[in-house]
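Comments concern the structure below.
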Amino acid sequence: MDTVPYPITGEMTDDTPLACAYATLRQQTQTLIAPLSPEDMVVQSMPDASPVKWHLAHTTWFFETFLLKSLPDYTVFAPAYAFLFNSYYEALGPRQPRAQRGLLTRPPLADILAYRAHVDAGMERLLQSDLPAETESLIRLGIAHEEQHQELILMDVLHLLAQSPLKPAYDIRANPDAGGKPGRFQLRPGGLVDIGHEGAGFAFDNEAPRHRTWLQPFEISDRLVTNGEWLAFMQDGGYSRPDLWLSDGWAQVQAQGWTAPFYWQADGDSWQEMSLRGLHPIAPDAPVTHISYYEADAFAHWAGARLPTEAEWELAASDGVLDQKDNVAWQWTGSAYLPYPGFQPGAGAVGEYNGKFMSGQMVLRGGSSFTPAGHTRPTYRNFFKPEQRWMRAGVRLARDLADRHAADGHDAGFAADVVRGLSARQKSLSPKYFYDAAGSDLFEAICRLEEYYPTRTETALLTRIAAELVADIPADAVLVEFGSGASDKTRLLLDAAPHITHYVPIDISEDALRHATLRLKTAYPKLSVTPVAGDFTSEVKLPSALKGRPLVGFFPGSTIGNFTRAEAAAFMRTVRGLLGQGARLILGADMVKAEATLVAAYDDALGVTAQFNKNLLVRINRDLGGNFDLDAFDHLAVWNPDFERMEMHLVSRKDQIVKAAGHAFAFKAGERFHTENSHKFTPASLARLAAESGWKIERQWISPAPEFGIFSLGS
């Protein structure tokens, strides 16, 4: 589907002066109808749709009826319009039946445009006077009401044009939806959360009152389902499998003959889609649109997921973790459209606006490319019947934590890196793949070993200097931790700095991230936690809601030592770009020391580090269909003085051929599989690294032997 060629611009906010907001609104409607002929504007293509001419008159009738009619200096344009253009307000008397609006060839379009001009003149006079708060609120409601009808105009015009065998375009300049990267599930910790409108600024009555609700931890996709994913659903018999569908949905499939989304039509072995720019081939990477709730629910079942509840959607949207939030397609939720606890409709006819429809409908959240800019907000509740399809609705998936699973059985990036690493002359693999759930648990066990000094030494140092370390962190700061793991050291900073109000842990292990997030939410109920699952060594995206907040990076554990010098400099430049100018970075780094101390730390007497190293083979076997024999490899830890680093290897005990990720790899007896580097530093070498990557060491603390350093860097 498409966006209009001239998006409904002039975004209005609650701070926009009313006279300006009203004039902009009415001009936007005129702009929308510019591509249409008078004939286009009189036809009603189905009972759910309305002619464009009726939309133009009804939105004008709203202002006349609720704001102008009672004024002594205003003359009603045409008394009969009260019957013709009332929509559903029972308190205001009888009306033209909805399904017969297309029979109103009279009054002609010219009269309707004159009606708009007449009401605009009356509104201009009203807006020049001192208005009571109640009147201002009614005008804001009227503006929002017409914005809703601007979107309805595009929906109804598209449906009308789709009925023509010519498949004409509304405007050939309409912009096609952009494709993009696949969605990733984002962990949300849930808990006792507040949802609903907070009371400041305009909102519809169905968005209130704000109230508390309990959410179990869940995951929600950051992007919408694509046409390509929908094609896979269809090819797997999605429209012919009753096991995927709700009973009422399956009845619709059979009765209506559904085989594809609403505006798709077969073209031989491929599919085309009707949009505002006419009929064209579908774009596989673009979001699928114009589907019913029943279709969305069936797809979610097929995908091993579900639709988010509206509370889950609102929480994730407010936290800034959703892409394609309000500018592509409305997103079906699994929530029925019902009143919030304590909801009270307004008095009089205006009270009929939302409350009377709270039955038999489902909630959609977000917004679409047909929605006027600035019209929606995270608390906005749209609603349609579950079988309706002509609105621009799409799918965002969610899932319970117990339902997590990899859709294709393994991580494609992991597979590619394993194949690349084991195919090289010197076999190697990034240490980031150590940290699945078992690996994270083993590393926590390593940190408790007598020989492994880094964790207890760094923890003791952090405990001693925490107050000094956080003294310069500004209020309302955001702590961003790279490779957060169990987030244990994070607590030392949070305890010392209650003015840190938001924490963003970034980790490749979704299991470790999930458990750490839940523990932190329990321990720090006032702290906002927004976990980001991903590879922190590459580009990551911080939640947009944090834009403008002071950011402090935290990278403890001497993980910086796992990089080569070039990689470390590149990573720190990436962090600097992510956090922005003026940010701080708290960095932990292990210092150069006696070789015996270092080797013992990476080759403990109990063999826990060896088990940790070999768990990498366990993960390859499990996730990539490997057949590594763990007993055919030995753990090796050595000090490399030339590069000032500890190295871990797995050494093949014999000539052997191993399979993984669909490939075969030959190992000779004694051949090393290089799994980790852990560079050690001096204050001088770390200062050079900081300078090379655009940072400057502002303060440093070095522990007594075995030496470990904490460095505060400024950008």
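The values are calculated or read from the model by the stated rules, or taken from the named source; none is laboratory data. Source: prediction; values computed, not measured. Neighbour counts are summed over all protein chains in view; Cβ atoms, including those assigned to glycine, are modelled from backbone coordinates with ideal geometry. Heavy atoms of the whole protein, side chains included, go into the accessibility calculation; ligands, DNA and RNA do not. Shrake-Rupley method; radii C 1.70, N 1.55, O 1.52, S 1.80 Å.
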Considering only strands (runs of 3 or more DSSP E) fully contained in region 171-216, which possess at least 2 residues that are over 22 Å from GLN324 (Cβ atoms) and in contact with a strand residue (DSSP E or B) (Cβ under 7 Å, 6 or more places away or on another chain)? 191-195, 211-215
Those residues that are within 19 Å of ILE697 (Cβ to Cβ), out of contact with any His (no Cβ under 6 Å at 6 or more places or on another chain) and of a type outside the set (A, V, I, L, M), I need them from region 559-576; list them, please. THR559, PHE563, ARG565, PHE571, ARG573, THR574, ARG576
Within region 429-446, work out how many residues are open to solvent by 20 Å² or more (accessible area, probe 1.4 Å) and either touching a Lys or Arg at 6+ places or on another chain (Cβ under 9 Å) or acidic (Asp, Glu) (or both). 3
Output for region 461-475, where each listed residue is open to solvent by 60 Å² or more (accessible area, probe 1.4 Å) and within 30 Å of ASP436 (Cα to Cα): THR463
Please count how many residues of region 73-95 are free of Cβ contacts under 8 Å to residues at least 40 places away in the same chain and either hydrophobic (A, V, I, L, M, F, W, C) or within 21 Å of ALA114 (Cα to Cα) (or both). 12
Quick test of your reading of the structure: GLN426 fulfils all but one of (1) over 33 Å from the mean Cα position of the chain (by Cα); (2) free of Cβ contacts under 8 Å to residues at least 40 places away in the same chain; (3) farther than 26 Å from GLY553 by Cβ. Name the failing condition by number. (2)
The listed residue being within 28 Å of SER137 (Cα to Cα), under 27 Å from the mean Cα position of the chain (by Cα), modelled with pLDDT of 90 or more and open to solvent by less than 30 Å² (accessible area, probe 1.4 Å), out of MET362, MET358: MET362
Mind listing whichever residues of region 224-266 are among the charged types (D, E, K, R) and surrounded by fewer than 20 Cβ atoms within 10 Å (Cβ to Cβ)? ASP236, ARG241, ASP243, ASP248
Which number in (1) assigned to a loop (DSSP other than H, G, I, E, B); (2) under 30 Å from THR522 (Cβ atoms); (3) at pLDDT 85 or above marks the one condition that SER164 misses? (2)
Is there a residue in region 267-276 that is of a type in the set (Ser, Thr, Tyr), open to solvent by less than 10 Å² (accessible area, probe 1.4 Å) and under 30 Å from the mean Cα position of the chain (by Cα)? yes
Qualifying residue in region 411-425 (condition: polar (S, T, N, Q), buried (at least 19 other Cβ atoms within 10 Å of the Cβ) and not in a loop (DSSP other than H, G, I, E, B)): no
If we only count strands (runs of 3 or more DSSP E) wholly inside region 602-715, which ones have 1 or more residues that are open to solvent by 40 Å² or more (accessible area, probe 1.4 Å) and of a type outside the set (D, E, K, R)? 633-640, 656-660, 663-667, 696-702
Looking at THR459, is it assigned to a helix (DSSP H, G or I), of a type in the set (Val, Ile, Thr) and within 27 Å of ASP535 (Cβ to Cβ)? yes
Go through region 300-316 and give me each residue that's crowded, with 23+ Cβ neighbours inside 10 Å and in contact with a helix residue (DSSP H, G or I) (Cβ under 6 Å, 6 or more places away or on another chain). LEU307
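For (1) touching a residue at least 40 places away in the same chain (Cβ under 8 Å); (2) open to solvent by 30 Å² or more (accessible area, probe 1.4 Å); (3) in contact with an Asp or Glu (Cβ under 9 Å, 6 or more places away or on another chain), each residue gets a yes or a no:
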{"site": "ASP297", "(1), (2), (3)": "yes, no, no"}
{"site": "SER318", "(1), (2), (3)": "yes, yes, no"}
{"site": "ALA336", "(1), (2), (3)": "no, yes, no"}
{"site": "PHE383", "(1), (2), (3)": "yes, yes, no"}
{"site": "PRO386", "(1), (2), (3)": "yes, no, yes"}
Determine the pairs where a residue that is under 18 Å from HIS290 (Cα atoms) and assigned to a helix (DSSP H, G or I), located within region 241-260, has a partner that is open to solvent by 70 Å² or more (accessible area, probe 1.4 Å) and at pLDDT below 95 with Cβ atoms under 7 Å apart, the partner being 6 or more residues away or on another chain. none
Counted residues in region 261-293 being part of a loop (DSSP other than H, G, I, E, B) and of a type in the set (Phe, Trp, Tyr) come to 2
Is it fair to say LEU67 is surrounded by 14 or more Cβ atoms within 10 Å (Cβ to Cβ) and touching a residue at least 24 places away in the same chain (Cβ under 8 Å)? yes
Candidate set from region 12-34 (those that are in contact with a Lys or Arg (Cβ under 9 Å, 6 or more places away or on another chain) and not β-branched (Val, Ile, Thr)); member that is nearest to GLU147 (Cα to Cα): ARG26
With respect to PHE343, determine if the residue is out of contact with any strand residue (DSSP E or B) (no Cβ under 9 Å at 6 or more places or on another chain) and in contact (Cβ under 8 Å) with a residue 40 or more places away in the chain. yes
Within region 305-325, does at least one residue satisfy the condition of being among the hydroxyl-bearing types (Ser, Thr, Tyr), within 26 Å of HIS58 (Cβ to Cβ) and within 19 Å of the chain's Cα centre (by Cα)? no
